[in-house]
Amino acid sequence: MKVGFKMKLKPGMKEEYAKRHAAIWPELVTLLKENGIADYTIFLDEETDTLFAVQQLTGSSSQELGNTEIVQRWWKYMADIMETNPDFSPISIPLTSVFHLD
């Protein structure tokens, strides 16, 4: 299953966001892959600082990744450059698929 969602960067944070993701923690990558998240791409609309993410979900996992220590640390690490909820999770808005072409 493929899912899409959007998030929002704080103004002027494009380079810092890209820098942090270029050095994503290996243990976070492992956690995502072990929980069926693959083919994960994030795009940026530079006019609005809106991030658009697409994930291919394979398999199924009942684990709530947001409850893991590593994800919570990542959220805190990213909170100064993104719009977040009180628990530091990024404000994430699910998007509805309206077209797909293989």
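The values are calculated or read from the model by the stated rules, or taken from the named source; none is laboratory data. Note that the structure is a prediction, hence the values are computed from the model and not measured. Reconstructed Cβ throughout: ideal geometry from the backbone, glycine too, with neighbour counts over all protein chains shown.
What number of residues within the stretch 45-69 are under 17 Å from Thr84 (Cβ atoms) and of a type in the set (A, V, I, L, M, F, W, C)? Counting residues in the stretch 45-69 that are under 17 Å from Thr84 (Cβ atoms) and of a type in the set (A, V, I, L, M, F, W, C) gives 3. Residue count for the stretch 45-57, restricted to those that are surrounded by 15 or more Cβ atoms within 10 Å (Cβ to Cβ) and farther than 18 Å from Pro94 by Cβ: 1. Scanning the stretch 5-39 for residues that are closer than 21 Å to Ser97 by Cβ and modelled with pLDDT of 95 or more yields Phe5, Lys6, Met7, Lys8.
Determine if the stretch 65-78 includes at least one residue that is basic (Lys, Arg), at pLDDT 95 or above and in a helix (DSSP H, G or I). I'd like the intermediate steps shown before the answer.
If we filter the stretch 65-78 for residues that are basic (Lys, Arg), which is where we start, we get 73, 76.
Subsequent filtering for residues that are at pLDDT 95 or above retains 73, 76.
Then keep just the ones that are in a helix (DSSP H, G or I); that gives 73, 76.
Checking the stretch 65-78: at least one residue is basic (Lys, Arg), at pLDDT 95 or above and in a helix (DSSP H, G or I).
From the list Lys2, Lys14, Lys8, the one residue that fits, being over 22 Å from Lys76 (Cβ atoms) and touching a residue at least 12 places away in the same chain (Cβ under 8 Å), is Lys2.
Looking only at residues in the stretch 17-50 that are in contact with a Lys or Arg (Cβ under 7 Å, 6 or more places away or on another chain) and in contact (Cβ under 8 Å) with a residue 40 or more places away in the chain, which one is nearest to Phe5 (Cα to Cα)? Among them, the one singled out is Thr50. A residue that is over 22 Å from Pro94 (Cβ atoms), in a helix (DSSP H, G or I) and in contact with a strand residue (DSSP E or B) (Cβ under 7 Å, 6 or more places away or on another chain) cannot be found anywhere in the stretch 17-33.
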